[in-house]
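One structure is given below, encoded as C-alpha cells.
Values in this text are rule-based calculations from the coordinates and carry no lab data. Treat the numbers as computed from the prediction; the structure is a model and nothing was measured. Don't worry about glycine lacking a Cβ; one is built from the backbone with ideal geometry, like all the others, and counts go over all protein chains shown.
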Amino acid sequence: MTERLGFGTTLEIGDGATPSENFATIGQIATGPDVEESSDKQEVTSHSSPSRNGKPVKQYMGGPIDPGSLTFTVNYDYDNATHKRATGLKGMIGLVKTFRLREAGSTTRETFTALIERVGRQYPVGTQMQMSVTLQITSDIAEEAVV
C-alpha cells in the first residue's frame, strides 16, 4: 500500500458552459474534502432464511445508493473568485454545479454534480479566516484518467 499525504488534492467547479465546460480550482482548501457514500439496506428475511437456535437470521440486500455529501474548509480569501459572493460558492447556494475532485498523486479524477447546500464563514480574532462548504452530491461519481 502506498501511503500519501492529502497535500495537492484539488477540487474544481464548472461554469456550466456548453458544449465545453470550463473549470476553476477552488482555492486554499485547508481540510477535506471528505466524501462519504452509503447504501440503504432492505431486509429480505423470509421463511427460507437460515436459522440459528431455531430463530431466523435476518438477511439484507443493498438498496438505493446515496452518493453522499462532501464537506471541506478553505482558508478564506475575499480576493479569490471561487470565494466571493458575486462569483463564488457563497453566491451559488442552492445551485447544482459540476465538480471535479483529484486526489494528490492520483492519475484519475472523479466528476460529479452537486447541490451547493451550505456555505459559512468564520472570522476568528487570532487565526486565519475560514469558509466551510457542504455539497450534496446529486449524481453518480464518474472516474476518468487524467494526463
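What to note about this one:
To keep it simple, each residue is scored yes or no on (1) touching a Pro at 6+ places or on another chain (Cβ under 9 Å); (2) without any contact (Cβ under 8 Å) to a residue 40 or more places away in the chain; (3) within 21 Å of residue 9 (Cβ to Cβ); (4) among the aromatic types (Phe, Trp, Tyr).
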position: 64; (1), (2), (3), (4): no, yes, no, no
position: 69; (1), (2), (3), (4): no, no, yes, no
position: 88; (1), (2), (3), (4): no, yes, yes, no
position: 96; (1), (2), (3), (4): no, no, no, no
position: 100; (1), (2), (3), (4): no, no, yes, no
position: 108; (1), (2), (3), (4): no, yes, yes, no
position: 118; (1), (2), (3), (4): no, yes, yes, no
position: 146; (1), (2), (3), (4): no, no, yes, no
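- Residue check, residue 98 in a strand (DSSP E or B), touching a Gly at 6+ places or on another chain (Cβ under 6 Å), within 20 Å of residue 24 (Cα to Cα) and not acidic (Asp, Glu): yes
- Of all residues in the stretch 2-44 being outside any loop (DSSP other than H, G, I, E, B) and acidic (Asp, Glu), the one that is farthest from residue 107 (Cα to Cα): 43
- Matching option when the condition is surrounded by 14 or more Cβ atoms within 10 Å (Cβ to Cβ) and not charged (D, E, K, R), among 101, 95: 101
- Within the set 134, 31, the sole residue that is closer than 25 Å to residue 21 by Cβ and either surrounded by 15 or more Cβ atoms within 10 Å (Cβ to Cβ) or out of contact with any Asp or Glu (no Cβ under 8 Å at 6 or more places or on another chain) (or both) turns out to be 134.
- Residue under evaluation residue 47, criteria (1) under 15 Å from residue 114 (Cα atoms); (2) outside any strand (DSSP E or B), criterion not met: (1)
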